[in-house]
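What follows is calculated from the coordinates using simple rules that are stated; it is not laboratory data. Keep in mind that what you see is a predicted model, and the values were worked out from it rather than measured. Please note: Cβ atoms are built from the backbone with ideal geometry, for glycine as well, and neighbour counts cover all protein chains shown.
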Amino acid sequence: MKKHRALIRAIVCAVIGVLIYVIGRNLNLIDKVEGFQWSWTTFLNAILILMIIFAVEGLLHYVLGLLKPKSNRLRTLISLAKNLLRYAAILISICVVLRIFTVDVGTILAGLGIIALIIGFGAESLIADIVTGMFILIDNQYNIGDIIEVDGFRGTVTEINVRSTVLTDVGGNVKIINNSDMKNVLNRSDNFSKSVSDFPIPYETNLEELEKQIPALLDEIYANRSDLMKNKPEYLGVNKLDDSAVLLRFTVDVAEGDIYMGARALNHDLFVGMRKLGVEVPFPQLDLHQK
C-alpha cells in the first residue's frame, strides 16, 4: 500500500478534478474570473487547478518510485527529485491559486524578497541545511544505500532530502539529521570492513604447535564461508595475555553490511575448529595462595 500511495493520491486528485469540472461546467461555474470576488466560480476554479497539480505530482512521484536503479548515486538523485517535486507542487499551487483570485504574484514575490532579507538571519539554519545538502550531492560524499557513521551513530542512508538525511541502524532505529550537522562523516561503504575475533585459549596450550595448524583451519573456514568472507581469515598473533586465557586475534574482510554477521561466523567456526584440534575455551580461574 505504501509503495502505491503516490499513484492512489494521483488518481483521487484526478477523479475529484474531473467531478469538479463536470459539475462546474453543467452549472456554468467554471469560467474565467473577472475581478476579485468570493464566489463558487472562484472557489471551484481554485480547487480544480489544485487537483490537477497534485494529480500530476502524484503520478510523477509514482513513476519515479518505479525506477529501481542499482547505482546508489541514481537512487539518491531519484529520492531528491521526488522531494523537490513535492515542494514544487506546493509552490506552484500557491502561485496559481493567488492568480485565480487575481492577486498580483509578482508584487508579492518582490515583497517577499525584502522580507526574506529581514528574516534571513532567523532562517540561517534552514539555508545552511539546503546549501550543505547541495554540496553533499555535488561532492558525492554518500548516497542512499551507503553505510555511514555520524557522531557514533552507524546506519544505512535511507533518504537524502533537501534539508535532512535519514539513517536507519541494524535495529531499525531511525535517526533524522539536518544536513548542516552532517560533519566528520565516516563512509564505511567505500571499502571492505574487517570483522574481528579475539579467541581465548588456555595458557597450557602449546602455542607453537597450534600456530602450525591454524592455516589449515582458516582455509577450511574460508571454503565454507566464501559467500560471506571476501578473502581468507587472517591470524594476527597474540593480542593480549588475559587473566585466564591467551587471546589470539583473527580478522577477515567482509562487506560493511555484514560486519557483525562476519564476526559471529568467525567466532562460531573458530570455536568448532579449535575444539576439533583439542583446544577448549578456558573458563575464568582464580588461584588462592595461603601462607
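A few points about this structure:
- Cβ-derived FRET efficiency at R0 35 Å, LEU74 paired with VAL272, nearest 0.05: 0.25
- Here the peptides 254-262, 50-58 are ranked by packing, the mean other Cβ count within 10 Å, and the order with the highest first is 50-58, 254-262.
- Counting all C-alpha pairs of the range 153-217, share separated by more than 13 Å (%): 76
- When HIS289, HIS61, HIS268 are arranged by Cβ crowding within 10 Å, least crowded first, meaning fewest neighbours, the order is HIS289, HIS268, HIS61.
- Label point distance in nm, GLU234-ILE92, each placed 7 Å from Cα along Cα→Cβ: 5.5
- Each Lys or Arg adds one and each Asp or Glu subtracts one; over the other residues with Cβ under 13 Å from the Cβ of LEU167, this totals -3.
- Evaluated with a Cβ-only charge set (Lys, Arg +1; Asp, Glu -1), the range 138-291 carries a dipole of roughly 200 debye about its Cα centre, given to the nearest 20.
- Cross-link pairs beyond the 30 Å C-alpha cut-off, checked among LYS212/LYS291; LYS68/LYS232; LYS70/LYS194; LYS230/LYS276: LYS212/LYS291; LYS68/LYS232
- Gained length - ASN187 relative to GLN213, 0.36 nm times residue gap less alpha-carbon distance: 5.7 nm
- Remark: C-alpha extents of the range 163-264 on the principal axes read 60, 33, 22 Å, sorted largest to smallest.
- Full extension of the segment from VAL162 to ASN178, taken as 0.36 nm per residue of separation minus the current Cα-Cα distance, would add 4.8 nm.
- Modelled spin labels at ALA128 and SER226, positioned 7 Å past Cα toward Cβ, are 5.2 nm from each other.
- Those residues of the range 237-257 whose amide nitrogen sits under 20 Å from the label point placed on TYR203, 7 Å along Cα→Cβ: 238-249
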